[in-house]
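The values are calculated or read from the model by the stated rules, or taken from the named source; none is laboratory data. This one's a predicted model, so the numbers in the text were calculated from it and none came from an experiment. FYI the Cβ positions are ideal-geometry reconstructions off the backbone, even for glycines, and counts take in every protein chain you see. These area figures cover heavy atoms from the full protein model, side chains too; ligands, DNA and RNA do not enter into them. Shrake-Rupley method; radii C 1.70, N 1.55, O 1.52, S 1.80 Å.
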Amino acid sequence: NLLVIGESFDNAILKLLASHYDNLYSVDLRYYEHSMGQPFDLTAYTQANDISTVLLIGNIDYFIQDTFDPEA
């Protein structure tokens, strides 16, 4: 199972990636908490969905911000 953490840049390749995994999960951390009503917990999410691979896709500026923390 694959988890893609990205922003809109990942939309173009999600279907391609999905064809190579049993399950593909895609999370945009900019909207996750508002949509789901709770902060994103990377460890809990990967364990709950038996995810073995995590891929970060997007603009490098997004991932190197001080506020970027997938465990937040």
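Overview of values
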{"read-out": "Helices (runs of 4 or more DSSP H) within the chain that include 3 or more residues of a type outside the set (Gly, Ala, Ser) and open to solvent by 60 Å² or more (accessible area, probe 1.4 Å)", "value": "32-36"}
{"read-out": "Close pairs from region 16-36: first basic (Lys, Arg), partner open to solvent by less than 60 Å² (accessible area, probe 1.4 Å), Cβ under 9 Å, at least 6 apart", "value": "ARG30/GLU7; ARG30/TYR62"}
{"read-out": "Subset of region 13-72 [of a type in the set (Lys, Arg) and within 14 Å of the chain's Cα centre (by Cα)]", "value": "ARG30"}
